[in-house]
Amino acid sequence: MQPKANLDDSPEYTLLQKRNILLYKIPPVLTAKGHYLNEWKEAVWQGNLRVAAKGDRAFVYFLDDAQQIYAVCPVADNIESSIQKCVDSSRGYAVRIEDPASKRYMWVGLAFRDRNDSFDFNVCFEDFKKHKDMDKNPAKYAEANRPVNDFTLKSGEKLSLNIGGLESTGSRPKPAGAADLSAFKFAPPPGSRSGPAPAPAPAPAPTFEQPRPPTQTFTSAQQSSDFGWGFDWGAPTTQTTQPTQQLQNVSTAQTQTNKPSNNINSVNLLDL
């Protein structure tokens, strides 16, 4: 069965294709709440979906694996008259299929297995409606999409820039009157001879002198140190001398001590 939805000679182009969709037999809507995917229990068909546009009309084709048409949903100018979203799920839609010959129609349930496929299906019709409005009102959208200033270059035009007195026509400008600094030389400082500067004199070699030990006067007490170097380790630095008279007095005192005392003998006799 081939659809005869549009008799004009406009080419037909595909807007969207999806695989593995389901069609359900749905009960009639008794209230104004809408359709519920959870109430659809009986699946009647499984296959592929293709959305196509021809002129200012869009069509939803339900195809089997052999690309044979099972049913067609002509999309009206008011999309909600042909396709309605489910209230309880974003994966379900109620679509109005129609027989092109007898014009008989019925509502069936369309369910996608993936939410991304359902999102693409919804956006597809929004884009088609926008492009159809642009074709009907080109002046309206041309004014809205027109840039504020048109900076595009026309055919044969060239871009010219003037920066700091330098003009450019698209190529890199060359500096005018560029000086050659290779021949430029600085004047020598005042008091210097002309010609190349003499090489600096070599620095004198460093000389090392063996340090001499300091001259010191050591006393007899310092010379008797165990270290034998004569350093002062806290001993007195002044030499003390004892007079000969003091030595004689000490010797006389020791001689008198060794002699027996008459007082001691007298005391012993009395005790007897």
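The values are calculated or read from the model by the stated rules, or taken from the named source; none is laboratory data. Being a predicted model, the structure only gives us computed values, none of them experimental. Ideal geometry is used to build each Cβ from the backbone, glycine not excepted, and the neighbour counts take in all protein chains shown. Surface areas here come from the heavy atoms of the whole protein model, side chains and all, with no ligands, DNA or RNA. Shrake-Rupley method; radii C 1.70, N 1.55, O 1.52, S 1.80 Å.
Below is a table of values for the structure above.
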read-out: Where a residue in the stretch 134-153 is closer than 30 Å to residue 55 by Cα and its partner, wherever it lies, is open to solvent by less than 80 Å² (accessible area, probe 1.4 Å) and at pLDDT below 75, with Cβ under 8 Å and at least six apart; value: 134/141
read-out: Some residue of the stretch 44-52 being part of a loop (DSSP other than H, G, I, E, B) and out of contact with any helix residue (DSSP H, G or I) (no Cβ under 7 Å at 6 or more places or on another chain); value: no
read-out: Of all residues in the stretch 114-136 being within 27 Å of residue 28 (Cβ to Cβ) and polar (S, T, N, Q), the one that is surrounded by the fewest Cβ atoms within 10 Å (Cβ to Cβ); value: 122
read-out: Subset of the stretch 23-38 [within 18 Å of residue 115 (Cβ to Cβ) and buried (at least 18 other Cβ atoms within 10 Å of the Cβ)]; value: 24, 35, 37
read-out: Single match in 17, 67 (criterion: in a loop (DSSP other than H, G, I, E, B) and open to solvent by 80 Å² or more (accessible area, probe 1.4 Å)); value: 67
read-out: Residue count for the stretch 111-133, restricted to those that are under 21 Å from residue 54 (Cβ atoms) and not charged (D, E, K, R); value: 7
read-out: Hits in the stretch 137-147 - residues which are open to solvent by less than 100 Å² (accessible area, probe 1.4 Å), assigned to a loop (DSSP other than H, G, I, E, B) and either under 21 Å from residue 13 (Cα atoms) or modelled with pLDDT under 70 (or both); value: 147
read-out: Residue in the stretch 111-119 that is touching a residue at least 24 places away in the same chain (Cβ under 8 Å) and part of a strand (DSSP E or B) present; value: yes
read-out: Hey, residue 150 touching a Lys or Arg at 6+ places or on another chain (Cβ under 9 Å) and either at pLDDT 75 or above or more than 30 Å from residue 95 (Cβ to Cβ) (or both) or not; value: no
read-out: Where residue 81 falls short, out of the listed (1) surrounded by fewer than 15 Cβ atoms within 10 Å (Cβ to Cβ); (2) in contact with a helix residue (DSSP H, G or I) (Cβ under 6 Å, 6 or more places away or on another chain); (3) among the polar types (S, T, N, Q); value: (2)
read-out: Condition check for residue 47: free of Cβ contacts under 8 Å to residues at least 40 places away in the same chain, buried (at least 17 other Cβ atoms within 10 Å of the Cβ) and under 23 Å from residue 21 (Cα atoms); value: yes
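Let's see how each residue does on (1) open to solvent by 40 Å² or more (accessible area, probe 1.4 Å); (2) under 30 Å from residue 9 (Cα atoms); (3) touching a Lys or Arg at 6+ places or on another chain (Cβ under 6 Å):
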{"residue": "40", "(1), (2), (3)": "no, no, no"}
{"residue": "52", "(1), (2), (3)": "no, yes, no"}
{"residue": "58", "(1), (2), (3)": "no, yes, no"}
{"residue": "72", "(1), (2), (3)": "no, yes, no"}
{"residue": "100", "(1), (2), (3)": "no, yes, yes"}
{"residue": "112", "(1), (2), (3)": "no, no, yes"}
